[in-house]
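*Asks:* Please find one structure pasted underneath; my questions will follow.
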Amino acid sequence: MTETGVIALFQTLQLDERSPTPLYLQLKHRLQALLDRGLLAAGEAMPGERDLARSIGISRVTVRRAINELVSEGLLVQRQGSGTFIAPRIEQPLSLLTGFSDDMRGRGLTPGAVWIERVATLSTPEEAMALNLSPGSKVLRLARIRTADGQPMALERATIPAALLARPEAVGDSLYAALRAHGVQPARALQRLRAELATAEAAELLGLAAGSPVLAIERRGFDTEGRPIEFTRSLYRADRYDFVAELRTEINGR
């Protein structure tokens, strides 16, 4: 959409000066609605504050405050000397097994991680069952915030058998890269997805408001010989990540 078209779209926004909700929050919520409906495309440039203020009929201070709120939540990005842009929304095919880092690089984004926990410990009964280990076996437990271009995307907690890696510090940005470097090839995975509301702790780590929707994903990964190598639970920001599945009809109408 051209800048003229974007401004025309914003001119349709109706803010209520009599409402107890501050104007900047009204504008923020209406911009979020436009993003959710796909009317503003990822990577698209936002008009300048002056043009937005004039088109909507409010002050530049109000526009700036709404924009800053959306930037802090990762829905908009500001590039020095270039302006403000719609943040990219990630689509992940469910049929393709990739690590987070490889997936982000393939989309031209820089993956990163903020470590929360990286330890060698004893497995819980649930971890032992998921990884087909004896109760109390030694595992590596890895918890981190996954980022793309510095923006938090997911909270990931992974457990792997300690026999696969000598120490937890062997994992850098990519768990799969570390496994491959030690001769372990991820081959397939089973994933379970469900919608949840972020707890106060998870929301703070992901830069969300408490109770925001997230995608909860549980993954069990296997190597080429069918051995369990990974038990991971992740919370993805629902406002930044879509999971896409391609569906086909059966041959001959069966």
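What follows draws every value from the coordinates through simple rules; no lab data is involved. Everything numeric in this text was worked out from a predicted model, so none of it was measured. Here Cβ is always computed from backbone atoms with ideal geometry, including for glycine, and neighbour counts include all displayed protein chains.
*Asks:* Once you list every other residue whose beta carbon is under 15 Å from the beta carbon of Ser59, what net charge do they have if Lys and Arg are +1 and Asp and Glu are -1? All intermediate terms of the calculation are to be shown ahead of the outcome.
*Replies:* Working: positive: Lys28, Arg50, Arg54, Arg60, Arg64, Arg65; negative: Glu17, Glu49, Asp51.
Net local charge, Ser59 excluded: +3.
*Asks:* Taking the range 133-212, how much of its Cα-Cα pair set, in percent, is spaced more than 19 angstrom apart?
*Replies:* 52 percent
*Asks:* Near Leu122, within a Cβ-to-Cβ distance under 15 Å, what is the net charge of the other residues, with Lys and Arg +1 and Asp and Glu -1?
*Replies:* -1
*Asks:* Rounded if a/c is under 1.5, else prolate if a/b beats b/c, else oblate: with a ≥ b ≥ c from the C-alpha gyration tensor eigenvalues square-rooted, which is the range 90-244?
*Replies:* It comes out prolate by the Cα gyration axes.
*Asks:* Here's a follow-up. Sorted from fewest to most neighbouring beta carbons within 10 Å, what does the list Val61, Val171 look like?
*Replies:* Fewest-to-most ranking of Val61, Val171: Val61, Val171.
*Asks:* Arrange the following residues from fewest to most other Cβ atoms within 10 Å of their Cβ: Glu230, Glu218. Spell out each step's value before the answer.
*Replies:* On the way: Glu230 24, Glu218 14.
Listed from fewest to most nearby Cβ atoms, that is Glu218, Glu230.
*Asks:* Could you check the simple spin-label distance between Ala210 and Arg227, using points 7 Å along Cα→Cβ, in nm with one decimal?
*Replies:* Taking the two extended label points, one gets 4.4 nm.
*Asks:* Same structure again: Can you sort Glu49, Glu204 by how many other beta carbons sit within 10 Å, fewest first? Could the numbers behind the result be given before it?
*Replies:* On the way: Glu49 18, Glu204 12.
Arranged by neighbour count, lowest to highest, Glu49, Glu204 become Glu204, Glu49.
*Asks:* Then there is this: If one computes the Cα centroid of the range 99-169 and of the range 15-52, what distance in Å separates the two points?
*Replies:* If you average the Cα positions of each part, the centres end up 37 Å apart.
*Asks:* Counting pairs of alpha carbon atoms under 8 Å apart in space and at least six apart in sequence, what relative contact order in percent does the range 3-86 give?
*Replies:* Relative contact order for the range 3-86 comes out at 34 percent.
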